[in-house]
1. Carbon and sulfur together cover what percent of the accessible area of region 246-318 at a 1.4 Å probe radius?
2. For region 284-290, in order, what is each residue's ³J(HN,Hα) by Karplus, 6.51 cos²θ - 1.76 cosθ + 1.60 with θ = phi - 60°, in whole Hz (x at glycine and Pro)?
3. Which of Lys241/Lys341; Lys81/Lys111; Lys158/Lys303; Lys88/Lys111; Lys52/Lys158 have a Cα-Cα distance over 18 Å?
4. Just name one of Ile195, Met205, Ile297: the one whose Cα is farthest towards the positive end of the charge dipole of region 189-345 (beta-carbon charges, Lys/Arg +1, Asp/Glu -1).
5. At a Förster distance of 22 Å, what's the computed FRET efficiency of Ala277 paired with Glu252, Cβ-Cβ distance as r, to 0.05?
6. If you plug each phi of region 167-180 into the Karplus form 6.51 cos²θ - 1.76 cosθ + 1.60 with θ = phi - 60°, what whole-Hz ³J(HN,Hα) values come out, in order, with x for Gly and Pro?
7. What are the residues whose amide H is under 5 Å from the amide H of Met244, where those residues sit 5 or more places off or on another chain and H is modelled from the backbone?
8. Where does the chain land on the Kirkwood hydrodynamic radius, alpha-carbon pairs, in angstrom?
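The values are calculated or read from the model by the stated rules, or taken from the named source; none is laboratory data. Worth saying up front: this structure is predicted, and the values here are computed from it rather than measured. Ideal geometry is used to build each Cβ from the backbone, glycine not excepted, and the neighbour counts take in all protein chains shown. Calculation scope for accessible area: heavy atoms of the full protein, side chains included, ligands and nucleic acids excluded. Shrake-Rupley method; radii C 1.70, N 1.55, O 1.52, S 1.80 Å.
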Amino acid sequence: MITKTVRIDENKIDAALIKEAGEIIKSGGLVAFPTETVYGLGGDALNPESSKKIYAAKGRPSDNPLIVHIYRIEDLEKVAKSVSENAKKVIDAFWPGPLTLIFEKTDAVPKETTGGLDTVAVRFPIHPTAMAFIEAAGGFVAAPSANLSGRPSPTLAKYVCEDLNGRVDMIIDGGNIPIGLESTIVDMTSEVPMILRPGFVSKEMLEEVLGEVRVDPTILDANSKERPKAPGMRYRHYAPKADMAIVRGDEEKVIEKINEIAKEHEGCTVICVDENADKYHGVNLKKVGKKEDALEIASNLYKVLRECDDEGVEYILSESFSDKGIGAAVMNRLIKAAGHKIIDV
Ligand code: AMP
Ligand code: MG
């Protein structure tokens, strides 16, 4: 398959190109597109054959459900059986935006899209190009992140190309992605809503609207033996090719420990906050942003992991970052990327 790559500026959307992208989806093809979280790999959510193609293109296990993207609130009832008062409150507060909600599914959504589940994940993104594209595609676009299964989610079109060139019909290059980590997922089917995957919309933000919110215990406990409720959270994920470990604890001890381990690993790469860059010696450095700026760290994390792959890095040591707000999502992805290898000092 030849993949056509087009550039669309979100501030000046090219209507003809968006129409072309929409037609590809309507005729059962695949298009990668930008959203505010990461690039998505889209197909027609209501067409089982399109969903099968998404799994094949990504090499994704078919029991790992896709998120259905809509572009206007009126379309929610077509895919979600019932929308609780709690769900209405979060929708009012955070949609459109980087939040995915789980509902009981209607018969319109094929099981191929939901990985065999009776529930469906729905998101209403705020990125202008994503919205225009979903509308042109008929209103319901199933889209996981546009990476090969197991690799870090793409935050630049060149990473989508690297993974999916020849596997999709079109890639829409929308430039840089503002958030850079996948959406928060909240299960609205339980009495007390439960966060299944942390993201930009934090537990604190949800609590302000909902009162009580629970967190899937497998997110909090890196060594939990329980099955995560979001099937995708089971797999080794977000992972660079290199062997990776996180060093956690008092900052000075962390720096000391990283320098000590790095001496034993030639060509070791260190992921650190800007403020600590000059404290490491004889290592390849990857700065992720300022210590207090969790959003900056979030938006750089996958890029840095991908760069490590591009440079053939074999061993990565990372500092541990703040877990406040979106920091919870950063640490969740970092721990997964490291395959749960944490060195406490
Ligand atoms: P991705 O879009 O690649 O970030 O993957 C979608 C994520 O949403 C995966 O972690 C899925 O397991 C999760 N997900 C999608 N649908 C459901 C659902 N019905 N119930 C629980 N998790 C879901
Ligand atoms: Mg993904």
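1. 43
2. 7, 9, 10, 8, 9, x, 6
3. Lys88/Lys111; Lys52/Lys158
4. After comparing all options, I get Ile195.
5. Result of the calculation: an efficiency of 0.90.
6. 10, 10, 6, 8, 10, 8, 7, x, x, 5, 9, x, 8, x
7. Long-range HN contacts for Met244: Ile316.
8. 20.4
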